Amino acid sequence: MEAITKRRIFYALAAVAVMVVILLLPTPSRIVAGAKTIVLSSSAKASLAVLAMAVILWMTEAVPFPITGLLAIVALVMTKAVPFEQLVRDGFGNHIILFFIGVLILSSAIGQTSLLRRLTIFLLYHFGHKPRIIILVFLVAGALMSGWITDMAVAAIMLPIGVVILRDAKVQPMKSNFGKALMISCAWGPLIGGITTPAGCGPNPLTMGFLKDLAGIDFSFTDWMLLGFPAAILMLPCAWLILLRVFPIEDIDLSIAEDDLRRRFREIGPIMFREILTLIIFLLTVFLWIFAPWIRELTNGAVDYLSISFVSIACACLFFMPGIGVFTWEKVEKEIGWGGVILVVSGLSLGMAIYKTGAAEWLAWIAFNRIGFLHPVLIVFVVVFGVSLMKVAFSSNTVTCIIIVPLLIALAKNLGIDPVLMAIPAGITSSLAFILVTSTPTNVIPYSAGYFSIRDMAKAGIWMTIASSVCVTASICIVGSLTGVIKL
């Protein structure tokens, strides 16, 4: 038996053992929080036991992430923490799942055209004549694209273009600061852009779903953009300056790379009809996402069904309509990460179970109750920085969101704080993984090219984590306060 298999079996057994131990422990005494008493019920203790098992499996990757989510549902039912029917309603019956599926279809459709390649080459052709500017262009291009399609897809698009530039410039792997900075920018750009819209990455709609279901707060597509875009705009120059400072760029002749970009732009040829249709559907989707509140007002509530989930799935269907059909379902189906859908579904069920049983309230009070004494600005910073450090342990943005957001919503309600003040910073930061290569597949993709080491990314990532914490805090506290999205 291979050593890796033995290790996974050990971790799996250890996770189950931890769950059993927690189930057998005596119920803790009640907590008196002012005029309120917080009690850990038997179902809440069972939820915490299952959460502990899931966290260990997620951290060790003993079984695939989506399967761990499904195992958590099975364990919640077997421990009598939550009835199976309720778990199905909270997870599989949540409208956020349709939003997520619609976004994946949109992302897959765009990825099958040359639209993103045209945009990237256009930016590089016009602004990429100098090594330092090329790094900035990669950061900006990656950020612009990943607001609408998955981070991993954008990193996969940027990587081959970057590798062509480095090879034509005769840059050797591991020996060039330019190579290190450019490849890291292939990851950082998509990570930064992923926070700009709810469609950017999994934790964004998950956070909105938790706010709706657990706190009764409707956080709109526009509300998220009002906080996400300014944070990303602040982070981009920080990322650029950090990369240039940590990796001082050597003198490199990129004239060959520029000629190659000219040739590649000509090779793509004229824009195709299906690309025009894809662009129209994409723009229609974004328009409806942003302007749905105004459309409802203009129609006096007659068009009251334009939720982000309805728009997402309705516009996704347009790709396959007779006469409009741009792609075949068979091709799109193969490119959609259905494991991610399963993880979101099971994560919603687990998060809702932890909250509804009272486990989130109890655990949040034990771990974070002193945060209520801080100034609101410091609360946001502590949440952002804390979640950023959690990303070192969890190699899934969605998992990080599933674990922390329900806890923070429960804590905010206990402390009398606006849940948005704690949930949104956590949701935004769940996808920001700048330190470790293994923290997200978006980092692994450019790392696989071999131009930078794990130590290289960590060296720059520590500074970027601090900078991103400040940027997200500033956006939420300043822009959020000025626009009324956040109440400090």
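The values are calculated or read from the model by the stated rules, or taken from the named source; none is laboratory data. Remember, it's a predicted structure, so these values are computed and weren't measured experimentally. Methodologically, a virtual Cβ is constructed for each residue, glycine included, from the backbone with ideal geometry; neighbour enumeration extends over all protein chains shown. Ligands, DNA and RNA are stripped out before the accessible areas are found, and what is left, the full protein with its side chains, is counted by its heavy atoms. Shrake-Rupley method; radii C 1.70, N 1.55, O 1.52, S 1.80 Å.
Structure notes:
- Of the residues Gly111, Gly93, Gly147, the single one that is among the small types (Gly, Ala, Ser) and in contact with a Phe, Trp or Tyr (Cβ under 9 Å, 6 or more places away or on another chain) is Gly147.
- In the range 453-462, the residues that are more than 20 Å from the chain's Cα centre (by Cα) and open to solvent by 20 Å² or more (accessible area, probe 1.4 Å): Ser453, Ile454, Arg455, Lys459
Rundown of residues vs (1) assigned to a helix (DSSP H, G or I); (2) surrounded by fewer than 17 Cβ atoms within 10 Å (Cβ to Cβ); (3) modelled with pLDDT under 80, yes/no style:
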residue: Thr222; (1), (2), (3): yes, no, no
residue: Leu227; (1), (2), (3): yes, no, no
residue: Leu241; (1), (2), (3): yes, yes, no
residue: Arg245; (1), (2), (3): yes, yes, no
residue: Pro248; (1), (2), (3): no, yes, no
residue: Phe287; (1), (2), (3): yes, yes, no
residue: Phe291; (1), (2), (3): yes, yes, no
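- Members of the range 78-134 that are in a helix (DSSP H, G or I), at pLDDT 80 or above and open to solvent by 40 Å² or more (accessible area, probe 1.4 Å): Met78, Phe84, Glu85, Gln86, Val88, Arg89, Leu98, Arg132, Ile133
- Taking the conditions (1) of a type in the set (A, V, I, L, M, F, W, C); (2) modelled with pLDDT under 90; (3) buried (at least 24 other Cβ atoms within 10 Å of the Cβ); (4) outside any helix (DSSP H, G or I) in turn, Ile195 satisfies each one other than (2).
- The single condition from (1) at pLDDT 75 or above; (2) more than 16 Å from the chain's Cα centre (by Cα); (3) in a helix (DSSP H, G or I); (4) surrounded by fewer than 21 Cβ atoms within 10 Å (Cβ to Cβ) that Asn369 fails is (1).
- Of residues in the range 393-450 being over 27 Å from Gly358 (Cβ atoms) and of a type in the set (S, T, N, Q), the one farthest from the chain's Cα centre (by Cα): Ser448
- Taken over the range 345-364, residues that are at pLDDT 80 or above, of a type in the set (A, V, I, L, M) and under 24 Å from the mean Cα position of the chain (by Cα) amount to 5.
- Of the criteria (1) open to solvent by 20 Å² or more (accessible area, probe 1.4 Å); (2) at pLDDT below 80, which one Cys317 fails: (2)
- Residue within the range 432-449 that is closer than 12 Å to Met183 by Cα, surrounded by 16 or more Cβ atoms within 10 Å (Cβ to Cβ) and of a type in the set (Phe, Trp, Tyr) present: yes
- Leading residue by the ranking (farthest from Ile22 (Cα to Cα)) among those in the range 75-85 that are out of contact with any Phe, Trp or Tyr (no Cβ under 8 Å at 6 or more places or on another chain) and free of Cβ contacts under 8 Å to residues at least 40 places away in the same chain: Glu85
- Residue match in the range 382-392 (condition: β-branched (Val, Ile, Thr), modelled with pLDDT under 85 and more than 19 Å from the chain's Cα centre (by Cα)): no
- Only listed residue being in a helix (DSSP H, G or I) and either at pLDDT below 85 or surrounded by fewer than 19 Cβ atoms within 10 Å (Cβ to Cβ) (or both), chosen from Ala52, Ala15, Ala44: Ala52
- Residue within the range 469-477 that is open to solvent by 60 Å² or more (accessible area, probe 1.4 Å) and closer than 22 Å to Leu182 by Cα present: no
- Residues in the range 298-310 that are assigned to a helix (DSSP H, G or I) and farther than 15 Å from Asp218 by Cβ: Leu298 only.
- Applying the set (1) touching a strand residue (DSSP E or B) at 6+ places or on another chain (Cβ under 6 Å); (2) open to solvent by less than 30 Å² (accessible area, probe 1.4 Å) to Arg30 leaves exactly one unmet item: (2).
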